[in-house]
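Q: Pasting a structure here, questions to come.
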């Protein structure tokens, strides 16, 4: 998509407000753009949940009458791409390197990358056993208890 999709209007409690109506109009424009050449699109109202294809004016009426389905957060049916990665806000800290464990080391330490080494999160010399059990691996069946016929 070339422009970001504005979605905050769907949380507007007054469905006859200018903000909500403008949001619905923008959504219908987006739907017409996505479904160019078609007269219908999936209806994201709380009744249809994108399960029905309706003509654009009927979708507009449903969204105003029933409200927009708030559980439909990624508008993939209307061209919005699902993010491959979960977005996390990173707070920058000038002194992060001055701390005992920097952010990168903290992540490594959390997953046991530094177990037994210098900076071991357990404070040990590496002689401690890991908190994680080794996975159970089945021995291959070698026919040890089979009798020849």
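None of the figures in this text is laboratory data; all of them are computed from the coordinates on show. These numbers come from a predicted model, not from an experiment. So basically every Cβ, Gly included, is an ideal-geometry build from the backbone, and we count neighbours across all protein chains shown.
Q: With 10 angstrom as the radius, rank 16, 24, 64 by how many other C-beta atoms surround their C-beta, starting from the fewest.
A: 16, 64, 24
Q: Which percent of the Cα-Cα distances in the stretch 8-78 go past 15 Å?
A: Result for the distance tail: 47 percent.
Q: Something else now. So how do 53, 82, 15 line up by other beta-carbon neighbours within 10 Å, fewest first?
A: Ascending number of Cβ neighbours within 10 Å: 82, 53, 15.
Q: So how do 69, 57 line up by other beta-carbon neighbours within 10 Å, fewest first?
A: 57, 69
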